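Data block below; observations after.
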Amino acid sequence: MDININTKLSFLLNGYIDHLRKLDPETKGLWGKMNVQQMIEHMTESLQEANGKTSRTIISPIDRLQAMKEFIKSEKEFRPNTKNSMMGETPLPLRNLNVKEAINEIVIELKDFEKYFEKNPESIIVNPFFGELNFEEWIQLIHKHALHHLRQFGVSLPPS
């Protein structure tokens, strides 16, 4: 694993969670309709795809997958208001009683992601938008996605 991927994984397991804990649950997003807890639960669902708990099929056109993978490998950010065609017009109902519980849930999914790939280092898991991803590609995607949503709630971060 290269230094950049190691740094991103470390951020996801530590720094990202610290940022989530510091967010005021009442903070309004700079874009989108999700509140802080909905965003955390949305990220948890993404991690459940990444750690193999939720199986998806590819919905992106096959001829776009190479360009989509190149985006993942790049340090380009998701644009504000990037639409997710798998999400409805309104956010899903909350699963957890509060933000603290939502953070506890995401911590479990991050650890399960790490454990899954420790046991299955060659595994390829499908992302519905970006296709078949290996461990390093998943880290790139999750990191990019995490920064996107932190910025959504006003967390100032350097470019990835």
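The values are calculated or read from the model by the stated rules, or taken from the named source; none is laboratory data. What you are looking at is a predicted structure, and each value in this text was computed from that prediction instead of being measured. As a convention, Cβ positions derive from the backbone with ideal geometry for all residues, glycine included, and neighbour counts pool all protein chains shown. Surface areas here come from the heavy atoms of the whole protein model, side chains and all, with no ligands, DNA or RNA. Shrake-Rupley method; radii C 1.70, N 1.55, O 1.52, S 1.80 Å.
Comparing Met34, Met87, Met43 in a Gaussian network model of the chain where C-alpha atoms under 10 Å apart are linked, the largest mean-square fluctuation is found at Met87. Would you please classify the overall shape of the chain from the alpha carbon gyration tensor, given that a ≥ b ≥ c denote the square roots of the eigenvalues, rounded means a/c under 1.5, and beyond that prolate means a/b larger than b/c while oblate covers the rest? Cα axes put the chain in the rounded bin.
So which GluC sites (Glu not before Pro) in the stretch 22-65 end up in coil per DSSP with only 12 or fewer other C-beta atoms within 10 Å? Spell out each step's value before the answer.
Working: sites: Glu26, Glu41, Glu45, Glu49; in loops: Glu26.
The qualifying sites are Glu26.
Loop-located GluC sites (Glu not before Pro) across the stretch 106-160 with a Cβ neighbour count of 14 or fewer within 10 Å are Glu122, with loop assigned by DSSP. Taking the 1.4 Å solvent-accessible surface of the chain as the whole, the part contributed by carbon and sulfur is 53%. Between Met87 and Glu122, the C-beta separation translates, for a Förster distance of 30 Å, into a calculated FRET efficiency of about 0.45.
Counting heavy atoms of the protein chains only and a 1.4 Å probe, report the per residue accessible area for the chain as a whole number of Å².
Working: 9040 Å² over 160 residues.
Normalised by residue count, the accessible surface of the chain is 57 Å².
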